[in-house]
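The values are calculated or read from the model by the stated rules, or taken from the named source; none is laboratory data. Keep in mind the model is a prediction, meaning the values are calculated, not measured. Please note: Cβ atoms are built from the backbone with ideal geometry, for glycine as well, and neighbour counts cover all protein chains shown. We work out accessible area using only protein heavy atoms, side chains counted, and drop any ligands, DNA or RNA first. Shrake-Rupley method; radii C 1.70, N 1.55, O 1.52, S 1.80 Å.
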Amino acid sequence: VSSQTLPDTAEFTVAAWIRPEIDAAGAIFYDAQFFTPGEDTQLNAQSGGNLFGIADKGPTGGSVTATNVIRAGSWQHVAMTARASSIALFVNGTLVASSSAGGNNVGFHSIFYIGAENHGLGPGNLFRGSIDEFAIYRRSLSTAEVAVLANSGSPSTVPPTISVQPVA
């Protein structure tokens, strides 16, 4: 997806249903400036059941980690909201971590990735599992709106039309 499709925005929400196959690190969403350190937006599963989010645009961004909140083998809804004054992580509609170090850095870059990272050398840090109903909003959804997304039902049973394939 090009930056014209996903313009830089002052606040945003990234949300998806995920089902990790194993307890391992893997990118859920990745949008970064390959050659400009400190300008990236990520939502990652980490080993130990952790969920990590970062929205960093140089000195104005921040990150947050929620520990032991993701379960391998189960569907769960995850979301990250960001605005200039805060970043928040949600699992199944419940706020699990937040930071007053805000960020506003989505859409700044040429290509974003779902289920992988790319540091200029090709996809890596692949998410091992399924991602469904991925969405990006051009504003920071409220806690109540994130809860509605998570409580609106489980992901579809139709196989996803977008999947991460290993690069040979």
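Criterion first (at pLDDT below 80, open to solvent by 10 Å² or more (accessible area, probe 1.4 Å) and either more than 19 Å from ILE136 (Cα to Cα) or not in a loop (DSSP other than H, G, I, E, B) (or both)) does PHE35 satisfy it? In short, yes.
Take GLY120 and tell me if it is in contact with a Phe, Trp or Tyr (Cβ under 7 Å, 6 or more places away or on another chain), in a loop (DSSP other than H, G, I, E, B) and modelled with pLDDT under 85. So GLY120 passes the test. GLN76 meets the conditions (1) modelled with pLDDT under 90; (2) more than 20 Å from ARG138 (Cβ to Cβ) in every case but one. The failed one is (1).
In the set VAL106, VAL96, only one residue is modelled with pLDDT of 75 or more and among the hydrophobic types (A, V, I, L, M, F, W, C); that residue is VAL96. Scoring PRO155 on the criteria (1) at pLDDT below 90; (2) open to solvent by less than 80 Å² (accessible area, probe 1.4 Å); (3) within 15 Å of the chain's Cα centre (by Cα); (4) at negative phi leaves a single failure, condition (3).
Considering only residues that are closer than 17 Å to ALA116 by Cβ and out of contact with any Leu (no Cβ under 6 Å at 6 or more places or on another chain), which ones fall in segment 11-25? Break it down stepwise before answering.
Here is the first cut: in segment 11-25, the residues closer than 17 Å to ALA116 by Cβ are 14, 16, 18-22, 24-25.
Scanning segment 11-25 gives ALA16, ILE18, ARG19, PRO20, GLU21, ILE22, ALA24, ALA25.
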